[in-house]
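Participant: Let me begin by handing over the structure; questions about it come next.
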Amino acid sequence: MPSWCKASWSEAVSLAELQSDFIDSLRTPSAAAPESLATPGGMRPNRRFNVYRNNVVVSLIEALRSSFPVVERLVGEEFFKATARAYIDHEPPRSPLMFQYGETFGNFLDAFPPAASVPYLGDVARLEFARLNAYHAQDRVPIAITHLSTLPPEQLGEAEFQLHPSLTLLSSRWPVFSLWAASSEQQSAQDVNLDTGEDVIVIRPEYNVDVRCLPSGGYSFLKALQDGASLGDAAGQASEATENFNLAHHLEGLFGLGAVCAVELRNSKQ
Amino acid sequence: MDTPAKTSSAIPPRAGVGLKAAHYSPIQEQRPDIGWFEVHAENYMGAGGPPHRYLEAIRRDYPLSLHGVGLSIGADKPLDRDHLTRLKRLNERYQPGLFSEHLAWSTHDDFFFNDLLPVPYTQEALTRCADHIDQVQETLGRQMLLENPSTYVTFEDSSMSEIEFLRSLSERTGCGLLLDVNNVFVSATNHGYSPEDYLDAFPIERVGEIHLGGHARDQDDAGAPLLIDAHDRAVADPVWTLYARTIGRSGDLPTLIEWDNELPSWQDLFAEAQAADAILVQSQLERSRVAR
């Protein structure tokens, strides 16, 4: 670069322009270091600038590795890093809270052609992100099932449940729980039969995040409760979707997991 | 320094370490004799869960310092108000003895680039940083400390030295300074100046905390040594020597061992803190000998 050009650059550049150019170069791996940088020994400081580029990418790959260890185990470290790099390029974080980064990683994996041969990867990523969410979610003390016996029996069908803030429901056409469980226990996921889907509940009522496979009918029952349906309506929807839906069995499971924090009667909310 | 400061839970002028989740258990079991802990604020910005329970337990037993890594004080764009609000809540909840952030930027166009990017030392950047620091101190209702960076590049446009820039910011805003001695060694090596001269010129009376950490070695475009602020290993010998020199000038200051990657065992991290404490004690002895 001729020296007159350098002089005119340094007079004109604002902080906004300088940072904009810095980021443009940062996000383009093949780009040279920005022109705003000093040139020690007359050399464009490409290697020096690359430290920042590398720091950003490596720290974000590490953040994704620590949030999605089972996805990494399923595809191997090398493939995971290449995939993470593509995701980071496609969707850089928008928040400095690294434990929130990767919310859309599952959707990205669904549509990522190199991962097409592992079609369940997106669901496993969503399960892992749900675990992370549960870990950092608001704390709240669950209530016991005996609470239901304090309500007038004739109004029980009208009861609405407040579910635990850490709770996430997932419905997968793949055996996502079995795949996750096999891989997270260092077993091989290759023995898992891929023919049946699984529904999963993720919750953290106390210290530990609990991941459970839901029995038949459980997902539609809980999803209805989560969407604000009354107990009667939720049980009705689940009975329609599932033969022999056993309400008592599901209530016991739900309260046993610490998933219910409050029960309200519709008419008492007025 | 007329910003109201919280005086509760003061950080003692001895060694502390950066708190890592991997060390929660040994710390709770052993209750080590260590001066204080520092946490990255962003790791405790979730609504609830185990991180807060552990931090509350540790806060009951030790003074705590809050260190932000995501505020982007050096950005041209306004500070993220949501993030400031989260910091304010965290500050109120844990009543840390110190709050610090970096002379760096990491946000642009709604994106967060998880690294501490370098600031040009210009009048425009000085004004922008000063406005941002004023806003932080007003929001938190306390003084903050600003940390000198590790840098790998410099800007054509810079019209003042890093020390002039930091001193001006501190004088304009009343903020204190966090002196990272490893950053001084890294930047001095990378840009070919004397770390001793830098430390001797640093406005030491405004320093409220010292950081020490490990660095990695690389090479620049001309094959010259390029040090990287990696926080992935023990503090290097030349940095210990510079630390002793700094303490000799400043007197005792809270000193943090930072080790964020390739985490050591709790015992190895604790040993680093004890090495810093030993230098603090030695420095006290030397000063009292001179006084006599």
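Participant: When the convex hull of the Cα atoms of region B:1-148 is projected onto a plane and the area is averaged over all directions, what value comes out in nm²?
Facilitator: Orientation-averaged projected area of the Cα hull: 9.4 nm².
Participant: Also: Please average, across the residues of A:98-104, the number of beta carbons from any other chain that are within 10 Å of each residue's own beta carbon, and give a whole number. Could you put the intermediate results ahead of the total?
Facilitator: On the way: counts 8, 6, 3, 2, 0, 0, 0.
So the per-residue partner count for this stretch is 3.
Participant: So, in Å, what gap is there between the alpha-carbon centers of region B:136-215 and region A:192-270?
Facilitator: 55 Å
Participant: Can you give the Kirkwood hydrodynamic radius of chain A from its Cα pairs, in Å with one decimal?
Facilitator: Evaluated over chain A, this radius sits at 22.1 Å.
Participant: On to the next question. Within a 10 angstrom radius of each residue's Cβ in B:101-108, how many Cβ atoms of other chains show up on average? Whole number is fine.
Facilitator: Rounded to a whole number, the mean comes out at 3.
Participant: Hull surface divided by four, with the convex hull built on the Cα atoms of region B:16-78: how many nm²?
Facilitator: Averaging across all directions leaves 5.2 nm² for the Cα convex hull.
Participant: If you don't mind, another one. Given the options A:Ser220, A:Ser20, A:Ser230, which has the most mean-square fluctuation in a GNM of chain A, springs set between C-alpha atoms less than 10 angstrom apart?
Facilitator: Of A:Ser220, A:Ser20, A:Ser230, the Gaussian network model singles out A:Ser20 as fluctuating most.
Participant: Suppose R0 equals 56 Å. What FRET efficiency, 1/(1 + (r/R0)^6) with r the Cβ-Cβ distance, do A:Asp191 and B:Ala291 give to the nearest 0.05?
Facilitator: 0.15
Participant: Quick one: order A:Phe99, A:Phe112 by neighbouring beta-carbon count within 10 Å, fewest to most.
Facilitator: With the sparsest Cβ surroundings first, the list reads A:Phe112, A:Phe99.
Participant: Same structure, new question: So what is log10(I(q)/I(0)) for region A:138-270 at q = 0.09, 0.13, 0.18 1/Å, when the Debye sum runs over its Cα atoms only?
Facilitator: So the normalised log intensities work out to -0.29, -0.58, -1.02.
Participant: Still on this model: Among A:Glu198, A:Glu78, A:Glu160, which one moves the most in a GNM of chain A with springs linking Cα atoms closer than 10 Å?
Facilitator: A:Glu78
Participant: With the calculation restricted to Cα positions, what are the radius of gyration and Dmax of chain B in angstrom?
Facilitator: Cα only, chain B: 18.4, 59 Å (Rg, Dmax).
Participant: Next up: Specify the inter-centroid distance of region A:141-155 and region B:268-291, based on alpha-carbon positions, in whole Å.
Facilitator: Taking the Cα centre of region B:268-291 as reference, the centre of region A:141-155 is 62 Å away.
Participant: In the Gaussian network model of chain A, springs joining C-alpha atoms below 10 Å, which of A:Ile23, A:Ile88, A:Ile201 carries the largest mean-square fluctuation?
Facilitator: Maximum fluctuation in the GNM of chain A, among the listed residues, is at A:Ile23.
Participant: Helix-derived [θ] at 222 nm for the protein assembly as shown: sum -39500 (n - 2.57) over DSSP H runs of at least 4, divide by residue count, nearest 500? Present the calculation step by step, with values, prior to reporting the outcome.
Facilitator: Values: 20 runs with 247 residues, N = 562.
Rounded to the nearest 500, the figure is -13500 deg cm²/dmol.
Participant: What is the pair-distance distribution P(r) of the protein assembly as shown, computed from all Cα-Cα distances in 20 Å bins starting at 0, with each bin given as a whole percent?
Facilitator: Histogram of Cα-Cα distances, whole percents per bin: 19, 46, 28, 7, 0.
Participant: For an R0 of 41 angstrom, estimate the FRET efficiency from the Cβ-Cβ distance between B:Glu196 and B:Asp260 and round to the nearest 0.05.
Facilitator: That pair, B:Glu196 with B:Asp260, gives E of 0.95.
Participant: Compute the distance in nm between two label points, each set 7 Å from the Cα along the Cα-to-Cβ direction, one at A:Thr150 and one at B:Ile204.
Facilitator: 6.5 nm
Participant: Under the Karplus relation 6.51 cos²θ - 1.76 cosθ + 1.60, θ = phi - 60°, what is the ordered set of whole-Hz ³J(HN,Hα) values for region B:105-117, x standing for Gly and Pro?
Facilitator: Karplus-based 3J(HN,Hα) across region B:105-117 equals 9, 8, 10, 6, 6, 6, 9, 10, 9, 2, 8, 9, 7 Hz.
Participant: Lys and Arg at +1, Asp and Glu at -1: add these up for the other residues within a Cβ distance under 11 Å of B:Ile11 and post the number. Provide the component values of the computation, followed by the final result.
Facilitator: On the way: positive: B:Arg14; negative: B:Glu38, B:Glu209.
With Lys, Arg at +1 and Asp, Glu at -1, the neighbours total -1.
Participant: If you plug each phi of region B:212-229 into the Karplus form 6.51 cos²θ - 1.76 cosθ + 1.60 with θ = phi - 60°, what whole-Hz ³J(HN,Hα) values come out, in order, with x for Gly and Pro?
Facilitator: Residue by residue, region B:212-229 yields 10, x, x, 10, 9, 10, 9, 10, 8, 5, 9, x, 7, x, 10, 8, 10, 6 Hz.
Participant: What is the local net charge at A:Asp199, summed over the other residues whose Cβ is closer than 15 Å to its Cβ (Lys, Arg +1; Asp, Glu -1)?
Facilitator: +1
Participant: Which three extents, in whole angstrom, do the alpha-carbon atoms of region B:211-292 cover along their principal axes, largest first?
Facilitator: Cα spread of region B:211-292 along its principal axes, largest to smallest: 51, 34, 16 Å.
Participant: Quick one: net charge of B:Tyr54's neighbours, Cβ under 12 Å, K/R +1, D/E -1?
Facilitator: +2
Participant: Size of region A:42-165 along its principal axes in angstrom, Cα-based, largest extent first?
Facilitator: The Cα atoms of region A:42-165 stretch 84, 35, 20 Å along the principal axes, largest first.
Participant: Quick one: which residues, 5 or more positions from A:Leu214 or on another chain, have an amide H under 5 Å from its amide H? H modelled 1.01 Å from N in the peptide plane, none for Pro or chain starts.
Facilitator: A:Asp199, A:Val200, A:Ile201
Participant: Next question, about the same structure. Against the 2.2 N^0.38 Å scaling, with N counting residues, where does region B:159-267 land? I'd like the Cα-based Rg ratio to two decimal places.
Facilitator: 1.11
Participant: Moving to a separate point now. Give me, ordered by chain and number, the residues 5 or more places off B:Gly49 or on other chains with an amide H under 5 Å from its own placed amide H.
Facilitator: The list, which skips near neighbours in sequence, is A:Asp139.
Participant: Take the eigenvalues of the Cα gyration tensor for region A:150-199, scale each by 5, and report the square roots as semi-axes in whole Å, largest first.
Facilitator: 37, 13, 9
Readers should treat all values here as calculations from the given coordinates under stated rules, not as data from a laboratory. Not measured: the values here are computed from a predicted model. Positions of Cβ are backbone-derived with ideal geometry, glycine not excepted, and every protein chain shown enters the neighbour counts.
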